[in-house]
Amino acid sequence: MNLRIPTNKANIELIFKKSRFISFATKVNSTEEVKEIVNKLKIEHPNANHVVHAAIIGNQGTIYSYSDDKEPKNTAGRPAFEVLKGSGLTNIGVFIIRYFGGTLLGTGGLVKAYGESAKEVLKKITSEELIKKSEFIIKTSYDRYEKTKIILDQYKCLIENEDFNVGITIKGTLAFLNCEKLKSEIIEMSNAKDIIEFTELPF
């Protein structure tokens, strides 16, 4: 199964025996970024009892991190992590903030609450296949702009910026495997007048 990476953020809130479980899922690229998000959430939720997390990172999905944050061992971060392992996603972090409601959930109750919280927030995550990508910059003219955009659309390029000046500069990303094909089409369409450059992105 090819791994996928998230393309959006999501959050939900569930109630278990009066305890609030606020779940937040987002793309993460390193364990350092995971720690930064945990610290940020603790500042944003100073009255929360726990800020639990689970994350899977890397193009092989072999880097992981999870924490119970003072919940009983393996009742919080581990259940959330198990949900992530079965999701087929990588570069994904799930953060679950708990406000204690006064009723103890017990070991089984905690496992269910954190597992369900992770499962439900992941239902709102959209994703794309993890593939090697390149950044591109095209310098074209106003009369060739529409034809250029049609070609970019054919190769499913993601446009990040367009600068309309004396000429037009288009920046974006595309699958690494399509770089040479795109370059050939742009050169042919413009009679070699357009300039296109690629920068390989970290994978």
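Stretched out straight at 0.36 nm per residue, the stretch from residue 184 to residue 45 would grow longer than its current Cα-Cα span by 44.8 nm.
Charge tally around residue 38: other residues with Cβ under 12 Å, Lys/Arg +1 each, Asp/Glu -1 each, net -2.
To the nearest 10 degrees, how steeply does helix 179-190 sit against the main Cα axis of the chain, on a 0 to 90 scale? Helix 179-190 and the main axis of the chain meet at about 40 degrees.
Put the Cα centre of the range 76-116 next to the Cα centre of the range 155-173 and the gap is 41 Å. Under a 5 Å amide H cut-off, with hydrogens placed 1.01 Å from N, residue 133 pairs with 176, 201 among residues at least 5 apart or on other chains. The calculated FRET efficiency for the pair residue 129 and residue 74, based on their C-beta separation and a Förster distance of 35 Å, comes to about 0.65.
Rg and Dmax of the range 4-129, based on Cα coordinates, read 13.4, 43 Å.
Lys and Arg at +1, Asp and Glu at -1: add these up for the other residues within a Cβ distance under 12 Å of residue 80 and post the number. It works out to a net charge of -1. How much net charge surrounds residue 198 when only other residues with a Cβ under 11 Å from its Cβ are counted (Lys, Arg +1; Asp, Glu -1)? Counting the neighbours of residue 198, the net charge comes to -2.
With the convex hull built on the Cα atoms of the range 119-203, state its orientation-averaged projected area in nm². Present the calculation step by step, with values, prior to reporting the outcome.
Numbers: hull surface 27.0 nm².
That works out to 6.7 nm².
What order do you get for 16-28, 84-96 when each peptide is scored by the mean count of other beta carbon atoms within 10 Å, highest first?
On the way: 16-28: 19.8, 84-96: 21.8.
By packing density, highest mean first, the sequence is 84-96, 16-28.
None of the figures in this text is laboratory data; all of them are computed from the coordinates on show. Remember, predicted model here, so these are calculated numbers, not experimental data. With ideal geometry, Cβ positions are generated from the backbone for all residues, glycine too; neighbour counts draw on all protein chains shown.
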